[in-house]
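To start, the structure under review is shown below, and the notes come after it.
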Amino acid sequence: MPSFRALPPSLRGVVRTHPADHDAKRIHVPVARAMVDCGVYVAGQRLPGKYTHAAALNKVHELETEGKDAFVWIGPHEPDEHQMQAVADVSCLHELAVEDAVHAHQRPKLERYDKTLFLVLKTVNYVEHVSVSLVREIVETGEIMIFVGPDFVVTVRHGDHSGLASVRTHLEASPALLKLGPYAVMHAIADHVVDSYLDVTDLVETDIDTMEKDIFSPLTQTNIECIYLLKREVVELRRAVNPLTLALQRMGTDHNELISIEVRRYMRDVLDHNIQASDRITSYDELLSSLVQAALGKVAMQQNIDMRKISAWVASTG
């Protein structure tokens, strides 16, 4: 074995550290930094006071020993691995679903882990603009991951427009809904998200109508790039909306022992709205494909007219 003196100068005094040493030195941001809201609900009413995620679950378990129906709604926003793991440890969330919740970029889906359902929703937001030609994006997307267990709801949000304050306020003003338990929260969030799909598709339809008028107007220049932008945004909408249909169908037919008949009845209404949004998106995609062909034809016709004018000018000057 070579002595220290035999080592090259570049390696003398070098201390090799194990990756675990770096993990131990990593600064962990407190869970509270990611927590937007955390509430305890009993018999349709929110208990007063502020709770940490751990204290809230302890309070729920205490109330359950007294024979009361209670659950906690924990709402972190873009948690890191440490923050999400802290929530998972007290809620017994499956590690695979936790990984999905941290890293995001998931397709809409519904998965079951023992007595916990995991629903992924894509949120959409319409970017206001004066003209399609002046923007590079029309639809922004985010994500909401919902864990629902017997006595808890964990809603993990990604994106600046995925807020749930209005949903929480609506539910807290509706004790009859909150009495249905944690799955009533899942329904309310899904209903809120799917309603936004209908709102956004209405606005996108206005953009498409404007584009259609411009293409068939002889006085306007045709910008094919704008049509491609709209088509790309419609594809983005389709990726958010279409896969959710299957997840909502499964919520209405599967897991009957977890989801009450009242909540399943409400979920069927959400499913109908999601199918409506999906049908709209399909029609937009087909219309935009037709507009691309019409725009190409208009450009070709204009080029022919220009060539004839040039040829006539050359002939007259020759």
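Filtering segment 73-97 to residues that are among the acidic types (Asp, Glu) and either crowded, with 18+ Cβ neighbours inside 10 Å or touching a residue at least 24 places away in the same chain (Cβ under 8 Å) (or both) leaves Glu78, Asp80. Across segment 82-131, the number of residues qualifying as outside any helix (DSSP H, G or I) and touching a Gly at 6+ places or on another chain (Cβ under 7 Å) comes to 3. A search for C-beta distances below 6 Å between a residue of segment 270-285 that is touching a residue at least 60 places away in the same chain (Cβ under 8 Å) and farther than 23 Å from Tyr183 by Cα and any residue that is charged (D, E, K, R) and assigned to a helix (DSSP H, G or I), counting only pairs 6+ apart in sequence or on different chains, returns Ile281/Arg238. Looking at Ser162, Ser196, just one residue is polar (S, T, N, Q) and modelled with pLDDT of 95 or more, and that residue is Ser196. The condition of being part of a helix (DSSP H, G or I), over 15 Å from the mean Cα position of the chain (by Cα) and among the acidic types (Asp, Glu) holds for only one of Glu212, Glu236, that being Glu212.
Does at least one position in segment 182-190 carry a residue that is of a type in the set (Ser, Thr, Tyr) and crowded, with 17+ Cβ neighbours inside 10 Å? Within segment 182-190, one or more residues are of a type in the set (Ser, Thr, Tyr) and crowded, with 17+ Cβ neighbours inside 10 Å. The numbered conditions (1) within 30 Å of Leu237 (Cβ to Cβ); (2) surrounded by 16 or more Cβ atoms within 10 Å (Cβ to Cβ) are all true for Val60 except (1). Among the conditions (1) within 27 Å of Ala295 (Cβ to Cβ); (2) without any contact (Cβ under 8 Å) to a residue 40 or more places away in the chain; (3) not aliphatic (A, V, I, L, M), Asp114 misses just one, which is (1).
Restricting the first member to segment 228-239 and to residues that are without any contact (Cβ under 8 Å) to a residue 60 or more places away in the chain, and the second to residues that are of a type in the set (Ser, Thr, Tyr) and part of a helix (DSSP H, G or I), the beta-carbon pairs closer than 8 Å and six or more apart or on different chains are Val234/Tyr284; Arg238/Ser278; Arg238/Thr282. For Glu257, the stated conditions hold: it is part of a loop (DSSP other than H, G, I, E, B), modelled with pLDDT under 95 and not basic (Lys, Arg).
Pairing each residue of segment 132-151 that is in a strand (DSSP E or B) with any residue that is of a type in the set (Asp, Glu) and crowded, with 17+ Cβ neighbours inside 10 Å, provided the two are 6+ apart or on different chains, yields C-beta distances under 7 Å for Val139/Glu233; Val139/Glu236; Thr141/Glu236; Met145/Asp100.
The values are calculated or read from the model by the stated rules, or taken from the named source; none is laboratory data. Source: prediction; values computed, not measured. We place every Cβ from the backbone using ideal geometry, glycine too, and count neighbours over all the protein chains shown.
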